[in-house]
Amino acid sequence: MPRLRSSKQIAAIIVLAATCVATDYALVSLPNVKLMDGIVFVSGYMLGAPAGVVVGALAWAVYGQINPYGFSLPVLLLTMSGESIYSLGGALLRRLIPAERGNGDVKPRLSNGVILGSLGMLLTLAYDVYTNAAVGVLSYGSPLMGLLTMNFPVPMGLIHEVSNLAFFATVVPLIMKALRRTMGCIDQTWVISGRTEGVA
């Protein structure tokens, strides 16, 4: 049984990473708007932080090398490491708000959306500060320059944060629901409530 569970989790990681890449290409015409961050977050929440980190790294290994914006190994390594912020955030949320065993339904209630949207925006801000400061050091020798260019002349950071606010509030709960229904190795649902009945 442990071996079967492991194989299912590996399959889940591969599917989630492929979904990240597919959505990145689908949204390539919208810079800094991507579902990948939310998918990595869900991976960390449902499968654990290490699995989420692998999902993000695999996705960036593909998209980071083959995309219209060019390839830079230092930047790729930065984005790979920065993406782990979302996985860690998902895993931390799982520890703070344990999943409940249930019938597989994850209702996208307002409370869920508010919490997820707010958390998504904070994680994205942390990601943007980390990656832009590091790129500033690499390109200009100053993290401040990187942070200044994050939203000037084009507010790329703001676009990233606002779009993730929307995605985390609306799409992430649906991804969690889909995972629960399609992957037998994941036997928890994400339902925020003050009750604890049904929790193993």
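The values are calculated or read from the model by the stated rules, or taken from the named source; none is laboratory data. From a predicted model like this one, the values you see are computed outputs, not experimental measurements. Cβ placement follows ideal geometry from the backbone for every residue including glycine, while neighbour counts extend to all protein chains displayed.
Considered as a group, the residues in the range 135-159 that are touching a Leu at 6+ places or on another chain (Cβ under 9 Å) and crowded, with 17+ Cβ neighbours inside 10 Å include one that is nearest to LEU73 (Cα to Cα), and that residue is VAL135. The requirement of being outside any helix (DSSP H, G or I) and either in contact (Cβ under 8 Å) with a residue 12 or more places away in the chain or of a type in the set (A, V, I, L, M, F, W, C) (or both) is satisfied by VAL28. Scanning the range 60-73 turns up at least one residue that is free of Cβ contacts under 8 Å to residues at least 12 places away in the same chain and assigned to a helix (DSSP H, G or I).
If the condition is being touching a Lys or Arg at 6+ places or on another chain (Cβ under 9 Å) and not in a helix (DSSP H, G or I), then the range 32-48 contributes only GLY48. Taken as a whole, the condition of being of a type in the set (A, V, I, L, M, F, W, C), in contact with a helix residue (DSSP H, G or I) (Cβ under 6 Å, 6 or more places away or on another chain) and in contact (Cβ under 8 Å) with a residue 12 or more places away in the chain applies to VAL40.
Touching a Gly at 6+ places or on another chain (Cβ under 6 Å), hydroxyl-bearing (Ser, Thr, Tyr) and either at pLDDT 95 or above or within 21 Å of LEU158 (Cα to Cα) (or both) - does that describe any residue in the range 42-57? Yes; the residues of the range 42-57 include at least one that is touching a Gly at 6+ places or on another chain (Cβ under 6 Å), hydroxyl-bearing (Ser, Thr, Tyr) and either at pLDDT 95 or above or within 21 Å of LEU158 (Cα to Cα) (or both). Among the residues of the range 168-180, those identified as modelled with pLDDT of 80 or more, over 14 Å from VAL114 (Cβ atoms) and in a helix (DSSP H, G or I) are LEU174, ILE175, MET176, LYS177, ALA178, LEU179.
Every residue, every condition in (1) under 27 Å from LEU158 (Cβ atoms); (2) surrounded by fewer than 16 Cβ atoms within 10 Å (Cβ to Cβ); (3) at pLDDT 90 or above, yes or no:
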| site | (1), (2), (3) |
| --- | --- |
| GLY82 | yes, no, yes |
| TYR86 | yes, no, yes |
| GLY89 | yes, no, yes |
| LEU93 | yes, no, yes |
| ILE97 | no, yes, no |
| GLU100 | no, no, no |
| GLY104 | no, yes, no |
| MET121 | yes, no, yes |
| THR124 | yes, no, yes |
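Scan the range 35-47 and give yes if some residue there is over 21 Å from ALA166 (Cβ atoms) and surrounded by fewer than 17 Cβ atoms within 10 Å (Cβ to Cβ), otherwise no. Looking for residues that are over 21 Å from ALA166 (Cβ atoms) and surrounded by fewer than 17 Cβ atoms within 10 Å (Cβ to Cβ), one finds none in the range 35-47, hence no.
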